[in-house]
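Notes follow the structure.
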Amino acid sequence: MMNPKTTCPQQTTIREVTTDVSTQARHEPSQAGRQPSLLAAYDGIVCDLDGVVYRGAAGIGDAIEALNTVLTEQDPQLVFATNNASRSAQVVADQLISLGLPVTAAQVATSAQAGAAYLRRELGVGARVLAVGGEGVAVALTQQNLHAVRPSELAPPDTVVGVLQGWGWEVSLRDLAAACGAIADGAVWVATNTDLTLPVEGGFIPGNGTLVGAVATASGTEPIVVGKPHAPLYEHAAEVLGIPAARALAIGDRLDTDIAGAAAAGMDSVWVLTGVHGFRELARSSTVPTVALASLSGLHHPRIDVCRAGDTWRAGPVDITLQDDSTVVVSRARSGADPLLWANAVAAVGLAVVLSLRGDGADSSDAVAGGDSELTTIAAAFDSALQEAQAPREQ
Ligand SMILES: [Mg+2]
């Protein structure tokens, strides 16, 4: 796993760099050109969807552009991985195509597929498995050459040897009762994921984890969970890519599922700040993303190294100073920087600083002094700084 450098080289102080703006601006492109891109270190990408590729129905422009380049060049290979088990891979692929991404269903890995693959390994081809959830659950079981049995089709004396439970609008109490019965009779129970809620416009609704909780309480049994933050979905995605998990880079917006799941599977991770989690959540989390990006355009640029000189942190085109009153001051160290590069530099420093405050920095002797309240305050200041950096900038 890559770690940020946290101490600037002695001979290069912040003052020397900031006072040499014109020289640095001229040298920057050639220096960047010699370095490999962030992606060059990996053989495959496993990419989350909501909050990374799109928000609601709208695609995230620079993410679509960056991923389009990866898909067109087929370097590295890319698979989209989602905890959502209700939609089939084809339905997900069709949505991505409508957003301008040239993908096939074979480039989508769902938690239903990961669950079906697990059950086939455990139970063998042709095993009868109860499909609880949306259409995606039954489709995934059939694709793994298992016999998908819908709850409405299950009538004594017929039995099943497995249960695959995922989310779906149509899931009923009768479906949950059928799952309880099968589990009581010894069926292997796999849950696609245990997300307690699902975000919807104007609020949230019970997610698969809530329904799994009902079955667990009633049956006194716990399921095998394949979705994020557990490793099997990422391992399944690596299998689809045909590479070891350690050679893949996971991209996601949620720390508790995407980034934690990547760590569980032994993958490096890009935490992209276009979704639900920001630095405040990072401050409360125990996960350690490998890289933070404000925009996926950063995939095609060299990784932005962060170094520190006193209270100033330096990353690519920006210097960031932490003042005594816990405010964050971002200054442009070089002219002409791409606004997306600027925002990615702020994200890189935010990650380094918050990890350092948490005591998870690359070098614990670098830890910024301060307690929990200072951590929260500084994390919030980085959220604001990033928001400002992501807004259109004037030269
Ligand atoms: Mg997401």
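Examine the stretch 191-208 for a residue that is in a helix (DSSP H, G or I) and free of Cβ contacts under 8 Å to residues at least 24 places away in the same chain, and state whether such a residue exists. Full working, then the answer.
Initially, the stretch 191-208 is screened for residues in a helix (DSSP H, G or I), giving 208.
Within this subset, residues satisfying the condition of being free of Cβ contacts under 8 Å to residues at least 24 places away in the same chain are none.
Within the stretch 191-208, not a single residue is in a helix (DSSP H, G or I) and free of Cβ contacts under 8 Å to residues at least 24 places away in the same chain.
From the residues in the stretch 49-85 that are within 16 Å of Gly298 (Cα to Cα) and of a type in the set (Asp, Glu), which one is farthest from the ligand (Cβ to nearest atom)?
Here the residue is Asp75.
If I go through the stretch 100-125 residue by residue, how many of them are closer than 26 Å to Gly186 by Cβ and either of a type in the set (A, V, I, L, M) or out of contact with any helix residue (DSSP H, G or I) (no Cβ under 9 Å at 6 or more places or on another chain) (or both)?
10
Does Asp319 satisfy the condition of being surrounded by fewer than 18 Cβ atoms within 10 Å (Cβ to Cβ) and at pLDDT below 95?
Working: surrounded by fewer than 18 Cβ atoms within 10 Å (Cβ to Cβ): no; at pLDDT below 95: yes.
In short, no.
Check every one of the strands (runs of 3 or more DSSP E) wholly within the stretch 243-304 and list those with 3 or more residues that are within 16 Å of the ligand (Cβ to nearest atom), in contact with a strand residue (DSSP E or B) (Cβ under 7 Å, 6 or more places away or on another chain) and hydrophobic (A, V, I, L, M, F, W, C). Walk me through how you get there before you give the answer.
Details: elements: 248-252, 268-272, 291-293.
Fully inside the stretch 243-304 and qualifying: 248-252, 268-272.
Can you say whether Leu233 is in contact (Cβ under 8 Å) with a residue 60 or more places away in the chain and within 20 Å of Trp189 (Cβ to Cβ), as far as the supplied structure shows?
Details: in contact (Cβ under 8 Å) with a residue 60 or more places away in the chain: yes; within 20 Å of Trp189 (Cβ to Cβ): yes.
So Leu233 passes the test.
Does the stretch 137-146 include one or more residues that are surrounded by fewer than 23 Cβ atoms within 10 Å (Cβ to Cβ) and either without any contact (Cβ under 8 Å) to a residue 24 or more places away in the chain or assigned by TED's automatic domain parsing to the domain that holds Asp50 (or both)?
Yes, the stretch 137-146 contains at least one residue that is surrounded by fewer than 23 Cβ atoms within 10 Å (Cβ to Cβ) and either without any contact (Cβ under 8 Å) to a residue 24 or more places away in the chain or assigned by TED's automatic domain parsing to the domain that holds Asp50 (or both).
The values are calculated or read from the model by the stated rules, or taken from the named source; none is laboratory data. Keep in mind that what you see is a predicted model, and the values were worked out from it rather than measured. Every residue, glycine among them, receives a Cβ derived from its backbone with ideal geometry; neighbour counts consider all protein chains shown.
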